[in-house]
Amino acid sequence: MTQDKQQGIIIFIAPPGAGKGSISQKCVKELGWEQLSTGNLCRKNIEKGTELGQKIDFAIKSGRLVSDDLIVAMVRDWFLMSQDKKKTILLDGFPRTVPQAMAFKDMIETDFPLTKVLIVQLKVSDEELTKRLTSRLTCSNKNCQEVYSVLESSGMVPQEPMQCDVCQSRLMQRSDDNIDTVRDRLSNYHRHEDDLLDYYSSISLPIVQINVENSLDKVFDQFKSKIGAQVL
Ligand SMILES: [Zn+2]
């Protein structure tokens, strides 16, 4: 196995509501980076009926979690096929846990030794996250699911109150976004965050912190100036 050019990989550590999705979209559109979503990759493997896809499908249908080994094998295959593109990769949905992060580190060290991994931690107060998440509205049309907010500062207010700009369906609050669920999601998130940060520090991976309390444009400028030089 050969890897002849250095490639950058970004792993976000970001609570729900921090704007990871919007930042990723900008990275793809404006910087030409590529996003690797393990959720999408699972679906694609299942659709294509690959050997890994069949194993994943079997795990899901028998009500089990897809094992870390399967996910890592799938990510490894994807990297092998995408190596010649030399783009900076944003990981989405992976690694979620310390065992996954350990397996990922082993994979990189063994097969892709020229890869530079950078951890980007999006920092925002729980108070702000709670405000953002509980203000979120989602299009009730299952095929659309556009997300809006009632907060003016979000820049995501729908043109007509409670109506989707894209498909005119009614907007609703997802049960995930009610205040009690949001509190649970955040406390659950912080437990995982602490474990992952401790692990990444222990293996001396660089961790860059970005304050995301500002508008998306300001956040993205900060992102580019702090990250750009390291991976572009
Ligand atoms: Zn819609």
Scan around Phe12 for amide H atoms under 5 Å from its own, H built in the peptide plane at 1.01 Å from N, and keep only partners 5 or more places away or cross-chain. Leu91, Val120
Using modelled backbone amide H atoms (1.01 Å from N, in-plane), which distant-in-sequence or interchain residues come within less than 5 Å of Gln145's amide H? Cys139
For the peptides 7-19, 45-57, what is the packing order when you average, over each peptide's residues, the other Cβ atoms within 10 Å and list the highest mean first? 7-19, 45-57
What angle, in degrees between 0 and 90 and rounded to the nearest 10, separates the Cα long axis of helix 68-82 from the longest principal axis of the Cα atoms of the chain? 80 degrees
How far is it, in nm, from the label point at Asp176 to the one at Leu151 when both lie 7 Å from their Cα along the line to the Cβ? 1.7 nm
Which whole-number percentage describes the relative contact order of the stretch 154-232, with Cα contacts under 8 Å and a sequence gap of 6 or more? 13 percent
Excluding ligands and nucleic acids, what accessible area in Å² is computed for Phe58 using a 1.4 Å probe, to the nearest 10? 140 Å²
Integer Hz, Karplus 6.51/-1.76/1.60 couplings in order for the stretch 153-165, x for Gly and Pro: 5, 6, x, 10, 6, x, 5, 9, x, 6, 10, 6, 5
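Given a 1.4 Å probe and heavy atoms of the protein chains only, how would you sort Lys218, Lys116, largest accessible area at the top?
The ranking, largest first, comes out as Lys218, Lys116.
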Full-stretch length increase - Asp126, Asp77 - with 0.36 nm per residue and alpha-carbon distance subtracted: 13.9 nm
Quick query: amide H of Thr115 versus all other amide H atoms, modeled in the peptide plane; which residues come in under 5 Å with a sequence gap of 5 or more or a different chain? Gln7
Using θ = phi - 60° and the Karplus form 6.51 cos²θ - 1.76 cosθ + 1.60, what ³J(HN,Hα) does each residue of the stretch 181-191 get, whole Hz, x for Gly and Pro? 5, 4, 4, 5, 4, 5, 5, 4, 4, 4, 4
From the backbone phi of the stretch 113-128, what are the Karplus-calculated ³J(HN,Hα) couplings (6.51 cos²θ - 1.76 cosθ + 1.60, θ = phi - 60°) in whole Hz, Gly and Pro given as x? x, 8, 6, 9, 9, 10, 9, 10, 9, 8, 10, 7, 5, 4, 4, 5
Using helices alone, I'd like the mean residue ellipticity at 222 nm for the chain: each DSSP H run of four-plus residues gives -39500 (n - 2.57), total over residue count, nearest 500. -15500 deg cm²/dmol
Which number do you get for Rg(Cα) / (2.2 N^0.38 Å) in the chain? 1.08
Can you tell me how the stretch 12-94 classifies by the Cα gyration tensor, rounded, prolate or oblate, using a/c under 1.5 as the rounded cut? oblate
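The values are calculated or read from the model by the stated rules, or taken from the named source; none is laboratory data. All values reported here derive from a predicted model rather than from experimental measurement. Every residue, glycine among them, receives a Cβ derived from its backbone with ideal geometry; neighbour counts consider all protein chains shown. In case anyone asks, the SASA skips ligands and DNA or RNA and just uses the protein heavy atoms, side chains included. Shrake-Rupley method; radii C 1.70, N 1.55, O 1.52, S 1.80 Å.
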